[in-house]
Amino acid sequence: DTLVMKTPLDLVRCEDVSNYLTKSLGIETFGSNFTPIINSKTKLPANVTKVFSTADDNQETIELRFYVGNAEKVSECQFLAKIQIYPIRPLPRGIPQIGLECTIDKDLVTFNAKELSSQKILKVRYI
């Protein structure tokens, strides 16, 4: 399933015929670090797929916290949303490979996910 959210007003800048990101769109990683998925100054529309895996054995969901900003720590970035990807096959940690596709244009951010080994479409929801 696809998850769509409205783009924060200050994230996109329009100039003439081209639109671009004013801040990076990324996730919170270990140590409360901000890890960009789509970098600032990227022309829009943009589409990026990142691969994630599980941190624990038999984990059936992945939770991601999305932020926008240009700082190294999420405490200095703007929280955007917390999403959950599910159902993931219960396997040893690190085995499931989940492709999260993030598409952004001037109005919307769209997320799609699939398990890469089986190509099974996974559900994405706000939590």
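The values are calculated or read from the model by the stated rules, or taken from the named source; none is laboratory data. Keep in mind that what you see is a predicted model, and the values were worked out from it rather than measured. All Cβ positions, even for glycine, are placed from backbone atoms using ideal geometry, and neighbour counts span all protein chains on display. Only protein heavy atoms, including side chains, enter the accessible area calculation; ligands, DNA and RNA are left aside. Shrake-Rupley method; radii C 1.70, N 1.55, O 1.52, S 1.80 Å.
Worth pointing out:
- Of the residues making up region 85-126, those that are hydrophobic (A, V, I, L, M, F, W, C), in contact with a Ser or Thr (Cβ under 8 Å, 6 or more places away or on another chain) and within 30 Å of S40 (Cβ to Cβ) are I85, I98, L100, C102, I104, L108, V109, F111, V124.
Results for (1) in contact (Cβ under 8 Å) with a residue 60 or more places away in the chain; (2) of a type in the set (A, V, I, L, M, F, W, C); (3) closer than 23 Å to L116 by Cβ, shown as yes or no for each residue.
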site	(1), (2), (3)
Y20	no, no, no
L25	yes, yes, yes
A46	no, yes, yes
G69	no, no, no
P92	no, no, yes
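- Test: residue in region 66-80 that is over 20 Å from I127 (Cα atoms), of a type in the set (G, A, S) and under 14 Å from the mean Cα position of the chain (by Cα): yes
- Subset of region 73-127 (residues that are among the polar types (S, T, N, Q) and over 25 Å from K6 (Cβ atoms)): Q97, S117, S118, Q119
- Hits in region 59-73 (condition: more than 20 Å from F111 (Cα to Cα) and open to solvent by less than 90 Å² (accessible area, probe 1.4 Å)): Q59, A71, K73
- Per-region count, region 105-126, residues among the basic types (K, R), under 24 Å from N39 (Cβ atoms) and open to solvent by less than 90 Å² (accessible area, probe 1.4 Å): 1
- Members of region 14-58 found to be small (G, A, S) and either surrounded by 14 or more Cβ atoms within 10 Å (Cβ to Cβ) or under 18 Å from V4 (Cβ atoms) (or both), listed by number: S24, G26, S40, A46, S53
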